[in-house]
Amino acid sequence: MFFVYFLFIIEFPIETSVKLDIPFPTAAPSVAIETNGNIWCTSYWDNAVYKMNNEGLLIFKIGGTKGYGPGELVKPLSVLLFEDSNTIVIHGAGMKLSSFNMATGTFIRILDVDTPFIRVFPWDETSFIGYTNPSNVNGGFSQLDLSGRKKAQWFTQRNISKITNSSLPYTKGNSDTVYFQEGVKPEVNIIRKNESNYSIWKLNLPLNYIEPPSKPIKREYMFNKEKLEEFYSSFSLIKGLSVFKDKYMIVCWNIPKRDKNTYQIYDLEERKQITREFYIDGILVNTPNGFYTLSLKQNENDYDDEYYKLNKHKWSIN
């Protein structure tokens, strides 16, 4: 690991920072950013998705009333943007997928899919990918259009970890590649469309790295929020991945007892770390439109008042 001493020391100062005009949620929101700077943010416990302008001011809200009918959301997990189609797809609890008009928030349809996807992510301007445990009869990866019609399906032989990463970090590479972490080891799975095998990229260990436990959390604690937080905060964990400029991958780590998150940047082609690790008070936002982090702040005059700030960092690498 002596090569670490020859890595570049680069800073990524905050270029802009906006306070998000949403009620403080008790679960960290999923954020998506349009090319024009508009911000989309899920609010898990509010059963809502908020659209804000590039200054963080609310434009409109989708959902907000718990229900299972058309146009209603239940604990939204992520929002996918398809700007060319003026459409968003929202992935919610119960694996429900719904589409809405991006400009107005008008409900379009519930997507009729035959697989309960664990995670969905954009693939191109007209389709997205859903994945689930390959041990399921319909497991693996499915490419779907914006109506939910399956365009392609492929399977990967993966060693499913006994302990899964609750964040399920992923990022889209080139047109046929996805990087994501399924377990909790310091490595990233590289998956390519229509290939049954995948490769493993072992990342460099950050300073003060703490190995994960050998056994998963006890079954009786699976739905205990405090026990879950205690378990996942006891070891080092990848919290976010983001490919930027099609050349680099940003990796965000949570290191126990460290106030800030640890960041590394890798060259995708050479699969090498190119900067020394650096530290940011915020989690990584997975977007191709810049280097963004999301940080939780307290009101200086009222410590019970907490809010989220979206920070855009100045990119210092050519």
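The values are calculated or read from the model by the stated rules, or taken from the named source; none is laboratory data. A quick note: this is a predicted structure, and the numbers were derived from the prediction, not measured. Note that each Cβ is placed from the backbone with ideal geometry, even for glycine, and that neighbours are counted across all protein chains shown.
Tell me, yes or no, whether the stretch 242-255 has at least one residue that is in a loop (DSSP other than H, G, I, E, B), surrounded by 13 or more Cβ atoms within 10 Å (Cβ to Cβ) and either of a type in the set (G, A, S) or free of Cβ contacts under 8 Å to residues at least 12 places away in the same chain (or both).
no
Among the residues that make up the stretch 291-298, is at least one of them of a type in the set (A, V, I, L, M) and under 17 Å from N204 (Cβ atoms)?
no
Among the residues of the stretch 84-117, which ones are out of contact with any Asp or Glu (no Cβ under 6 Å at 6 or more places or on another chain), in a helix (DSSP H, G or I) and touching a residue at least 40 places away in the same chain (Cβ under 8 Å)?
Once the filter is applied, which keeps residues that are out of contact with any Asp or Glu (no Cβ under 6 Å at 6 or more places or on another chain), in a helix (DSSP H, G or I) and touching a residue at least 40 places away in the same chain (Cβ under 8 Å), the stretch 84-117 yields only S85.
Residues being among the polar types (S, T, N, Q), under 23 Å from Y292 (Cα atoms) and surrounded by fewer than 18 Cβ atoms within 10 Å (Cβ to Cβ): count how many of those fall in the stretch 41-72.
Total meeting the criteria: 2.
Let me spell it out: the conditions are (1) under 23 Å from K272 (Cβ atoms); (2) buried (at least 16 other Cβ atoms within 10 Å of the Cβ); (3) at pLDDT below 85, and I163 meets all of them except one. Which number is the exception?
For I163, the exception is condition (1).
When you look at L77, is it closer than 21 Å to T35 by Cα, in a strand (DSSP E or B) and either touching a residue at least 60 places away in the same chain (Cβ under 8 Å) or not charged (D, E, K, R) (or both), yes or no?
no
Identify all residues within the stretch 216-240 that are assigned to a loop (DSSP other than H, G, I, E, B) and either touching a residue at least 24 places away in the same chain (Cβ under 8 Å) or closer than 17 Å to E182 by Cβ (or both); write none if there are none.
Once the filter is applied, which keeps residues that are assigned to a loop (DSSP other than H, G, I, E, B) and either touching a residue at least 24 places away in the same chain (Cβ under 8 Å) or closer than 17 Å to E182 by Cβ (or both), the stretch 216-240 yields P216, I217, S234, F235, S236.
Among the residues of the stretch 258-274, are any exposed (fewer than 14 other Cβ atoms within 10 Å of the Cβ), charged (D, E, K, R) and touching an Asp or Glu at 6+ places or on another chain (Cβ under 8 Å)?
yes
Across the stretch 258-275, which residue is modelled with the lowest pLDDT among those that are of a type in the set (K, R) and either on the phi < 0 side of the Ramachandran plot or in a strand (DSSP E or B) (or both)?
My answer is R258.
So which of A93, A103 is at pLDDT below 85 and closer than 20 Å to I62 by Cα?
From the options A93, A103, the qualifying one is A93.
Out of the residues in the stretch 185-215 that are modelled with pLDDT under 85 and assigned to a loop (DSSP other than H, G, I, E, B), which is farthest from I255 (Cα to Cα)?
For the stretch 185-215, the residue satisfying everything is N194.
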